[in-house]
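The values are calculated or read from the model by the stated rules, or taken from the named source; none is laboratory data. Just so we're clear, the structure is a prediction, and the values are computed from it rather than from any experiment. Cβ coordinates were reconstructed from backbone atoms using ideal geometry, including for glycine residues, and neighbour counts include every protein chain displayed.
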Amino acid sequence: MRLLIDTNVFIYRENDHALTDELQHLLKILNSSKGIGILIHPETVEEIKRDQNKDRMDIALSKLNTYPLLEAPPDQSKDDNFLSIVGTPSRINDEIDNALLYSVYKDAVDFLITEDKNIHKKAIRLDIKDRVLCVEEGIRVFEEDIFRGDVVRPPALNEDRVYNLDISDPIFKSLKEEYGEFDSWFKKISREGRKCWVYRRKDGTIGAILIYKIENEPIDSIPPLPAKKRLKIATLIVTHVGYKIGELFTKVAVGYSIKNNLAEIYLTHFTKPDDYLVDLITEYGFYKAAANNRGEDIFVKELSVDKEKAKLMQPLEISKKYYPSFYDGTNVNKFLVPIRPQYHQKLFTDYGGRQTSLSEHAGEFIVEGNTIKKAYLSHSKIKNISPGDILLFYRTVDKHEITSLCVVGKTLHGLQDKNEIFRYVRNRTVYPMDEIKDFAKSPTLVILFTWHFHLPNPLKLIDLKTMGISAPQSIAQISDEKYLRIKTRGGIDERLTVD
């Protein structure tokens, strides 16, 4: 396995002459594995050599000279499709960023480690964000596979009241700069008893926060937006990248809105070039609907499906724009997917006995595995699973029940390279490398999919038998007629389906 490390993780603070503790820990992990090669891109080394400060340049090069350069790196300058996504570089820094990303995009390396937020933003648009990691995420991804002892888990996402937050926390710095009245607004919502979800770093500072409220009034904007019952995300900041927290925030906000029969979710945002937040929320159906007189863009996510618009959309488009709604008509196939308890627990850590919705108003969320985009490995030889198809996961051995409905995003057939499988699934699930090695001994089917919801009424084996449905031994396609029986008995909300 080959990892490309951006030189900014070594020198991103000009006055730091020693490596950070986190980076030293990551390098220790990577150097402990004989199967991982650490590479440096030659373009980033040339950038360092152009530094006019010779002492700083010498220090930076001394940190890098033990690592080999990526040989014959692919050239992005002639790839029009790539440039149409990331943009033609106007500065040397953009050109270097693109060179690093292109190495991942063209599979010259398996992963890229970088602290550069602009690179992470572009990775979302290129659909390679699972392979572009920050230092802390690199620790989480590789530590579990190399060291088999106890691994420290990230802190949990907790519900709290705004008045319990420290207004001097660094996460609020940008808001204070953008909003002159931030302090008075913070006091106001504190007195209202406003709720929020908070993700705290190990040192107690806030790594991510979502402050929300329900509204039922018009939005004063251009164009004006009529009154609807909406969830307003008053504040959404994610600075602690690497644990899919932004994805988790989206999941629980959508769940809360569905539970409370809300029509839309919206937020206001001062959009910046290559905006990470915009790239994140548009993945799940947010779109720019208007602007206000402060210069903020208003992004809206519709939760009720526009049936007429949906007729002109592909099934996968519907599940993205109206998530968690989805298309379940005759143009998509439906499959029962058997899954053993230990894998079910890894894919759906929020199933059965865990807090999974903001509507619960209490407790905490465990971040690992509690995300929207996931991956499944199988030795099934089935060939007709396509994007937009429906997966119904059937938990075997202990519960013997259909638990969850998901929608296929992409499939890869016949993979036997453990590193190739790892790069696709490692950041979507918790398969350790030793299990991936076992899978790779035979041709492996990789299914990348989106979790939509757990069935309100999980269907036991006895229920399936009464519907004429057998327990699956391998991935099995079912008829539309049988799917409709599952849909009805499983309590799937008709408001969330398009046919």
Notebook entry, point to check: Where in region 1-119 are the strands (runs of 3 or more DSSP E), entirely inside, with at least 2 residues that are in contact with a Pro (Cβ under 9 Å, 6 or more places away or on another chain) and closer than 30 Å to M433 by Cα?
Noted result: 37-39
Next item on the list: Mind listing just one residue for me: the one in region 299-355 that is closer than 19 Å to G255 by Cα and of a type in the set (F, W, Y) and, of those, surrounded by the most Cβ atoms within 10 Å (Cβ to Cβ)?
Entry: F326
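Yes/no per residue for (1) part of a strand (DSSP E or B); (2) free of Cβ contacts under 8 Å to residues at least 12 places away in the same chain:
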site	(1), (2)
I167	no, no
L175	no, no
G193	no, no
W197	yes, no
G207	yes, no
L210	yes, no
P226	yes, yes
L231	yes, no
L236	yes, no
Next item on the list: Spot the failing condition for I219; the list is (1) of a type in the set (V, I, T); (2) out of contact with any helix residue (DSSP H, G or I) (no Cβ under 8 Å at 6 or more places or on another chain); (3) closer than 29 Å to I85 by Cα, and only one is missed.
Entry: (3)
Notebook entry, point to check: Would you pick out the residues in region 234-252 that are within 23 Å of N164 (Cα to Cα) and either of a type in the set (G, A, S) or at pLDDT 95 or above (or both)?
Noted result: A234, G246
Margin query: Tell me yes or no: at least one residue of region 399-410 is over 16 Å from the mean Cα position of the chain (by Cα), over 22 Å from Q473 (Cα atoms) and surrounded by fewer than 20 Cβ atoms within 10 Å (Cβ to Cβ).
Written below: no
Item checked: K106 closer than 24 Å to T239 by Cβ and surrounded by fewer than 17 Cβ atoms within 10 Å (Cβ to Cβ) -> no
Item checked: Subset tally (residues that are at pLDDT below 90 and crowded, with 21+ Cβ neighbours inside 10 Å) for region 117-128 -> 2
Checklist line | Of all residues in region 268-304 being among the aromatic types (F, W, Y) and in a loop (DSSP other than H, G, I, E, B), the one that is farthest from W451 (Cα to Cα) | finding: F270
Next item on the list: Could you list, in sequence order, all residues of region 305-335 that are free of Cβ contacts under 8 Å to residues at least 12 places away in the same chain and part of a helix (DSSP H, G or I)?
Entry: E308, K309, E317
Item checked: Verdict on L464 being crowded, with 20+ Cβ neighbours inside 10 Å, modelled with pLDDT of 85 or more and either under 30 Å from L112 (Cα atoms) or over 16 Å from the mean Cα position of the chain (by Cα) (or both) -> yes
Notebook entry, point to check: Quick one: in region 314-355, which of the residues that are of a type in the set (V, I, T) and in the same structural domain as K381 (by TED's automatic domain parsing) is nearest to the chain's Cα centre (by Cα)?
Noted result: T349
Notebook entry, point to check: Given the structure, is S84 more than 24 Å from I38 (Cα to Cα) and at pLDDT below 90?
Noted result: no
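Is region 336-353 home to any residue that is of a type in the set (S, T, N, Q) and in contact (Cβ under 8 Å) with a residue 60 or more places away in the chain?
First pass over region 336-353, keeping only residues of a type in the set (S, T, N, Q): 342, 345, 349.
Those left that are additionally in contact (Cβ under 8 Å) with a residue 60 or more places away in the chain: none.
No.
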Next item on the list: Read through the list (1) modelled with pLDDT of 85 or more; (2) crowded, with 21+ Cβ neighbours inside 10 Å; (3) closer than 18 Å to K202 by Cβ, then give the number of the only condition that L157 fails.
Entry: (1)
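Is at least one residue of region 57-73 of a type in the set (A, V, I, L, M) and exposed (fewer than 13 other Cβ atoms within 10 Å of the Cβ)?
Taking every residue of region 57-73 in turn, at least one turns out to be of a type in the set (A, V, I, L, M) and exposed (fewer than 13 other Cβ atoms within 10 Å of the Cβ).
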